[in-house]
Amino acid sequence: MLINTLISWLMKKRIHQIDLFMKYPHDVQAELLMKLLNAAQNTEWGRKYDFKSITNKENFKQRFPVQDYEDVKPYIQRVMKGEQNILWYSDVRWFAKSSGTTSDKSKFIPVSEESLEECHYKGGKDMLSIYCNNFPDTQIFTGKGLSLGGSHQISQFNNESYYGDLSAIIIQNLPFWAEFIRTPDISIALMEEWEEKIEMMAEHTIREDVTSISGVPSWTLVLLKYILDKTGAKNIHEIWPNLELYMHGAVNFSPYKEQFRAILSSPRMNYLETYNASEGFFGIEDVPDSGDMLLMLDYGIYYEFIPVEGLESDDKILSLEEVQLDTSYALVISTNAGLWRYKIGDTVRFTSLNPYRIRITGRTKHFINAFGEELIIENAERALEIACKKTDSLIKEYTAAPIYMEGKKKGGHEWLIEFEVNPKNMGYFTEVLDNALKSLNSDYEAKRYKDLALQMPLVRTMPEGTFYNWLKHKGKLGGQHKVPRLANNRKYVEEILAVMGVGV
């Protein structure tokens, strides 16, 4: 009890600093930009773009082009081979391997000591600070935190450079004392073979007093359901009676919410959403059950935003003070790991400007726009939520892609859905989904008018284990690997159907 009280008090001290950047967001960001530029002024890029002469964000915008991974890849590869002082001033030895969901190619994101300490670890501590502030009677530190980390062990590029999932890098570099408050042991947490790892995690954690869990929703569910099967328990609280918090991120939680509530039924159970990626830690849900995440402004990340409708032009890049509510923006970041004006591929919208709070709306490359319908993740998630509510069904996983026009055949959208609870009437589910999409997206509605360009969606109910087996077939179980929700081509849909032996 004394330890819990002491740690909770220490965590809440950080709230005063968070309040400071909430009150003075623009000053904090402007100061941070100059700090980043000053730190990197003698790097190869600092000299190339003359960081010394940049005195404000306007200079920065004019001087420095926006980058994507392909632009910065050659420089990252040089650092991976051992060269230093190229993108960032301190030695960069760690690289977060990210497969993404739009390409089979891996990306390697530099992770500096500064980004580990001042961004990723700071974000981890702030999750608990915010939680303790919102729930002052928490007993979270009386037990252990279960971390469901990545599926890749740390590997070497050379004698001095290492790569792996971001979660594996974070676990590998944790201070020694962190091992006393987390589970399972590092040797299990960093196991690469996913199915063996799940078994070992279950075996070792069911004997612990787990008070919090953190991890990607889809893979966390796999672990929790495995534990229920293994123990014969009906509810996770039978195993961990003091469990009170689940911290989640990486994917939209809405499709998983009811599945979690079915097996985590304690009224004391709380949920906290985060926005953490290989490139940085960006947001934390600071108002319980709101789904809105506070944009963290003092993590060594300078933010800029491109309106989605102007994504192909670098002329419309906005600073924080220029953003508006309810507009989707592509996120551009400059970081203390040497990413400069880097488009990470995510889109967000602001739900509050005082303080700045965001929601993730999708990916710049994750949409369906084969017929001008501009269907984005946010539309899809909300429409499925409506369809499930009206049909008393529950979705486990899904993906969707266009059906292209052929001859006189009209186009449409094909949805592959694996249900946890099937709708009693599939035709009604499809009708509700279609109508919800029309109500949420005027472009979709226009294309659906009298089946002019788009036919009624084709919804295929997939057998249990479809998406798990597909990811297993691709060697992508666990960790950061996610089912792609929307694609503007049929690659994923045809792969999944082929693995299941279904004709396309």
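The values are calculated or read from the model by the stated rules, or taken from the named source; none is laboratory data. Just so it is clear, the structure is predicted and the values come from calculations on it, not from any experiment. Every residue, glycine among them, receives a Cβ derived from its backbone with ideal geometry; neighbour counts consider all protein chains shown. Areas reflect the complete protein model, heavy atoms only, side chains present, ligands, DNA and RNA absent. Shrake-Rupley method; radii C 1.70, N 1.55, O 1.52, S 1.80 Å.
One table, with the values for the structure above:
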{"item": "Any hit, the range 253-266, residues being in contact with an Asp or Glu (Cβ under 9 Å, 6 or more places away or on another chain), surrounded by 21 or more Cβ atoms within 10 Å (Cβ to Cβ) and either closer than 30 Å to T351 by Cα or at pLDDT 95 or above (or both)", "result": "yes"}
{"item": "Near pairs, Cβ below 9 angstrom, 6+ apart or cross-chain, from the range 128-151 (touching a residue at least 12 places away in the same chain (Cβ under 8 Å) and farther than 25 Å from W219 by Cα) to any residue that is of a type in the set (S, T, N, Q) and assigned to a helix (DSSP H, G or I)", "result": "C132/S8; P136/S8; T138/N4; T138/S8; Q139/N4; T142/N4"}
{"item": "Strands (runs of 3 or more DSSP E) (entirely within the range 126-227) containing at least 3 residues that are open to solvent by 10 Å² or more (accessible area, probe 1.4 Å)", "result": "144-147"}
{"item": "Residues of the range 428-455 classified as open to solvent by less than 20 Å² (accessible area, probe 1.4 Å) and assigned to a helix (DSSP H, G or I), total", "result": "9"}
{"item": "Boolean, L458 is open to solvent by 60 Å² or more (accessible area, probe 1.4 Å), modelled with pLDDT of 90 or more and either under 23 Å from N379 (Cα atoms) or among the aliphatic types (A, V, I, L, M) (or both)", "result": "yes"}
{"item": "Members of the range 293-330 that are at pLDDT 95 or above and surrounded by fewer than 18 Cβ atoms within 10 Å (Cβ to Cβ)", "result": "E321, E322, Q324, L325"}
{"item": "Counted residues, the range 462-485 - those being crowded, with 18+ Cβ neighbours inside 10 Å, among the polar types (S, T, N, Q) and at pLDDT 90 or above", "result": "1"}
{"item": "Residues being within 20 Å of G124 (Cβ to Cβ) and crowded, with 20+ Cβ neighbours inside 10 Å - total across the range 9-31", "result": "3"}
{"item": "Which numbered condition P402 fails, given (1) closer than 22 Å to L458 by Cβ; (2) surrounded by fewer than 22 Cβ atoms within 10 Å (Cβ to Cβ)", "result": "(2)"}
{"item": "Residues being assigned to a helix (DSSP H, G or I), open to solvent by 10 Å² or more (accessible area, probe 1.4 Å) and of a type in the set (A, V, I, L, M) - total across the range 486-503", "result": "2"}
{"item": "Test: N42 is modelled with pLDDT of 95 or more, assigned to a loop (DSSP other than H, G, I, E, B) and at positive phi", "result": "no"}
{"item": "Residue satisfying condition, being open to solvent by 20 Å² or more (accessible area, probe 1.4 Å) and of a type outside the set (A, V, I, L, M, F, W, C), within set E273, E373", "result": "E273"}
{"item": "Number of the condition not met by N379 [criteria: (1) at pLDDT 90 or above; (2) touching a Leu at 6+ places or on another chain (Cβ under 6 Å); (3) outside any strand (DSSP E or B); (4) open to solvent by 10 Å² or more (accessible area, probe 1.4 Å)]", "result": "(1)"}
{"item": "One residue from E113, E58, E44, E118 being within 26 Å of Y275 (Cβ to Cβ) and without any contact (Cβ under 8 Å) to a residue 60 or more places away in the chain", "result": "E113"}
{"item": "Search result, residues across the range 45-60 that are crowded, with 18+ Cβ neighbours inside 10 Å and either under 24 Å from K97 (Cα atoms) or out of contact with any Phe, Trp or Tyr (no Cβ under 7 Å at 6 or more places or on another chain) (or both)", "result": "W45, G46, F51, K57, F60"}
